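*Asks:* The structure under discussion is supplied below as structure tokens; questions concerning it will follow.
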Amino acid sequence: MVDKLNSEISRILEVLDKYRGKGVLSEANTKSSLVEPVLRTLGWNVFDFEEVDKEWKVFDGTSVDYALKISGKPRIFIEAKALDISLDDPKLIGQTIKYTALEKDLRWCVLTNGNEYRLYKSDEIKLNPENRIVFTVSISECKDNDKRAFFIEMMKRLSRNSLESGEFNKWADELFIENRIRRIMQNPSDEFLSIVREQIGIITASDEQIKQTMKNILKKDVERTSEQTIKDISKEDIEPTPMLDKEDKRSIKYQLNQASHPLKELFGKVENSILSLGNDVQKEERKSYYAYYRNTKFVCLEIRRTIETILIYLNIDPNTLETIPEIARSMTGMWHFSTVYLELRIRTSDDFEVAKPLIQKSYEVN
């Protein structure tokens, strides 16, 4: 299964390079050329309605795109949109979760546009729909082998064998709880800090000491998990991502060197602004991005030169913001650079002006 999924990822990357952002791939074509091939690699027979029931009728007479069934009963709903449709729309998320929550004994749903896949837990009724996310992964990020390994690890959990064995429910529940706890530890309330102080029996520990210790624990845990995921995937003999030559085209240096002049200028402006926030700002080069630290990592920069975009990842909780600008999307509960809650997409100087106060806030709280 892993080899087939890996090959399918390579094929879809070519499709994305050719069509993404052009608005030419309809919902129907997205399903047939992107979504269903992935389902097939996961062991689902998309031609057998007893396994994959298309246009499953829901409570209000409308339908959800796919019901993945085991022994004739739905186990996961999948709602698929056209390739260039954003999955950030709260109405879209809420509608998909509502369909799932009202279906008897159904707890899980996937929202996809053929590139990005988001898994939600529908039965957590006390949480807002967007906070019920279990994971999000994107095929477009799979040019990076580490991210490809993570994509495969997550998507394997949606395989027919995983659902049939009961493994999926246990794994998804545990991951959801882990993500929620991780979020609390990243941005603990005063009440939570008091409970921790009392439980560890160190009454002299300050709030900042406890916060920093929890962040250090989380960072080490994520690094270990990431390394283990890659090791586990490598055991299954994944063929390496085909590259044009020996030069690492995934590196941030290569991407920056190959970027257009306006994009380079914009990147320089963004980075200079970050470095000028204070003498305590430190820069670290990673494989595909730059990370900037104060007490802890507060911002990461990545370049997507093919779409003339700078991605800024911030370690601030979107729930602490009065409004979230159009250039931003919440990444709460997602696995990305270990300490990220908000993504900003910067294409112009005006976008950067909107981003500046958010970068400042991330610097101040970290």
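The values are calculated or read from the model by the stated rules, or taken from the named source; none is laboratory data. Since we're looking at a predicted model, the values are computed, not measured. Every residue, glycine among them, receives a Cβ derived from its backbone with ideal geometry; neighbour counts consider all protein chains shown.
*Asks:* List the helices (runs of 4 or more DSSP H) inside region 193-311, counting only whole elements, that have at least 3 residues being under 21 Å from the mean Cα position of the chain (by Cα) and at pLDDT below 80.
*Replies:* Numbers: elements: 207-234, 252-258, 261-275.
Result: 207-234.
*Asks:* Those residues that are part of a strand (DSSP E or B), among the hydrophobic types (A, V, I, L, M, F, W, C) and surrounded by fewer than 19 Cβ atoms within 10 Å (Cβ to Cβ), I need them from region 36-77; list them, please.
*Replies:* Keep residues of region 36-77 that are part of a strand (DSSP E or B), which gives 52-57, 63-70, 73-77.
With among the hydrophobic types (A, V, I, L, M, F, W, C) added as a condition, the list becomes 52, 56, 64, 67-68, 70, 76-77.
Result: ILE70, single match.
*Asks:* Answer yes or no as to whether ILE70 is out of contact with any helix residue (DSSP H, G or I) (no Cβ under 7 Å at 6 or more places or on another chain), of a type outside the set (S, T, N, Q), in the same structural domain as LYS121 (by TED's automatic domain parsing) and under 26 Å from ASP173 (Cβ atoms).
*Replies:* Judged against the criteria, ILE70 is not a match.
*Asks:* Residue under question is ARG11, and the condition is that it be basic (Lys, Arg), in the same structural domain as PHE135 (by TED's automatic domain parsing) and either touching a residue at least 40 places away in the same chain (Cβ under 8 Å) or touching a Phe, Trp or Tyr at 6+ places or on another chain (Cβ under 6 Å) (or both); does it hold? Before you say what the answer is, go through the steps one by one.
*Replies:* Values: basic (Lys, Arg): yes; in the same structural domain as PHE135 (by TED's automatic domain parsing): yes; either touching a residue at least 40 places away in the same chain (Cβ under 8 Å) or touching a Phe, Trp or Tyr at 6+ places or on another chain (Cβ under 6 Å) (or both): no.
No.
*Asks:* Within the bounds of region 321-341, is there any residue that is surrounded by fewer than 16 Cβ atoms within 10 Å (Cβ to Cβ), β-branched (Val, Ile, Thr) and within 27 Å of PHE151 (Cβ to Cβ)?
*Replies:* yes
*Asks:* Please enumerate the residues belonging to region 261-296 that are closer than 26 Å to THR348 by Cβ, charged (D, E, K, R) and touching a residue at least 24 places away in the same chain (Cβ under 8 Å).
*Replies:* Across region 261-296, the qualifying residues are LYS269, GLU271, GLU285, ARG286.
*Asks:* Then there's this: Regarding LYS31, is this residue among the basic types (Lys, Arg) and under 21 Å from the mean Cα position of the chain (by Cα)? Before you say what the answer is, go through the steps one by one.
*Replies:* On the way: among the basic types (Lys, Arg): yes; under 21 Å from the mean Cα position of the chain (by Cα): yes.
In short, yes.
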